[in-house]
1. Would you check which residues across region 17-32 are in contact (Cβ under 8 Å) with a residue 24 or more places away in the chain and surrounded by 14 or more Cβ atoms within 10 Å (Cβ to Cβ) and list them?
2. Any idea which of (1) under 16 Å from P114 (Cβ atoms); (2) among the small types (G, A, S); (3) in contact (Cβ under 8 Å) with a residue 40 or more places away in the chain is the one A53 doesn't satisfy?
3. If the Cβ limit is 9 Å and pairs must be 6+ apart or interchain, which residue in region 151-167 that is among the basic types (K, R) pairs with which residue that is surrounded by fewer than 15 Cβ atoms within 10 Å (Cβ to Cβ)?
4. Go through the residues of region 106-117 one by one and say whether even a single one is outside any strand (DSSP E or B) and at pLDDT below 70.
5. Among (1) modelled with pLDDT of 80 or more; (2) surrounded by 15 or more Cβ atoms within 10 Å (Cβ to Cβ); (3) out of contact with any Leu (no Cβ under 9 Å at 6 or more places or on another chain), where does Q60 come up short?
6. Which ones in region 12-69 are within 21 Å of the chain's Cα centre (by Cα), of a type in the set (S, T, Y) and assigned to a helix (DSSP H, G or I)?
7. Report whether or not E71 is modelled with pLDDT of 80 or more and not β-branched (V, I, T).
Amino acid sequence: MDRNGIPGAADTEGKIYNKHEAMAYLKEYDPKKYEESRLRAIKLRVVNGFDGAEVLVWGQTYYSTPRILKEFWKPEKYLYPNLGYQIQYDLQGNGYMAHFDTTGTSSDITIVSPQGTHVAVIAIHNSSKILETHNNNNDFTSSSYVGFGGNIYFYVAGDEYNEVFRIRRT
């Protein structure tokens with residue numbers, strides 16, 4: 001997605017595909033899932049955008065930017081819509097958004113169902129020594145990854161060492 005929520009794609013060789021090329025590829029790649037996706041777009045009332053390659057629904061999941069998803073699902077569905085954190089998805093279509101904070105105790109991972117309801121909010125701040133010792137400093141980097149079956153891996157890189165955590169979810 002670009003910052004406006006328009007789908008696109010890039011392959012492993014760095015070729016960038018525009019929205020029409022990306023949607024044509026998905027239709028060719030898995031015609032059955034493409035039709036399932038179109039039916040889901042009809043149910044979500046975004047079929048015109050889907051047909052015009054302006055929105056991406058794949059399977060049961062509507063992919064977009066946090067800002068657009070907030071507007072679509074209403075304010076209570078995502079906790080950090082204005083911060084631009086990446087949302088990742090598992091095979092069941094659940095969305096995962098990690099929020100790393102150094103102000104005290106609010107680092108967590110939010111899990112949202114394909115229907116936009118909260119599944120869980122998992123606090124992670126107390127598990128990280130790096131986040132604990134860098135109050136209000138941004139001299140660390142962090143990221144998260146959702147693996148097969150919804151296992152969540154999050155990484156916090158500090159000055160002297162890195163932390164890698166796994167949250168098992170079935």
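1. Correct list: K19, A22, M23, L26.
2. Of everything listed in (1) under 16 Å from P114 (Cβ atoms); (2) among the small types (G, A, S); (3) in contact (Cβ under 8 Å) with a residue 40 or more places away in the chain, A53 misses just condition (1).
3. That search, which allows pairs on different chains as well, returns R166/G147; R166/N151; R166/Y153.
4. Of region 106-117, the ones outside any strand (DSSP E or B) are 106-107, 113-117.
Now drop any that are not at pLDDT below 70, which leaves 106.
Yes, that holds for at least one residue.
5. Here Q60 meets the rest and fails (1).
6. Hits for region 12-69 are Y34, S37.
7. For E71, the condition - modelled with pLDDT of 80 or more and not β-branched (V, I, T) - is not met.
Each row is one residue, and each column tells you yes or no for (1) over 25 Å from M97 (Cβ atoms); (2) at pLDDT 80 or above; (3) polar (S, T, N, Q).
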{"residue": "Y29", "(1), (2), (3)": "yes, yes, no"}
{"residue": "E36", "(1), (2), (3)": "no, yes, no"}
{"residue": "K43", "(1), (2), (3)": "no, yes, no"}
{"residue": "V47", "(1), (2), (3)": "yes, yes, no"}
{"residue": "D51", "(1), (2), (3)": "yes, yes, no"}
{"residue": "E54", "(1), (2), (3)": "no, yes, no"}
{"residue": "P66", "(1), (2), (3)": "no, no, no"}
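The values are calculated or read from the model by the stated rules, or taken from the named source; none is laboratory data. Bear in mind that the values here come from a model prediction, so they are computed numbers and not experimental data. Note: ideal-geometry Cβ built from the backbone for every residue, glycine included; neighbour counts use all protein chains shown.
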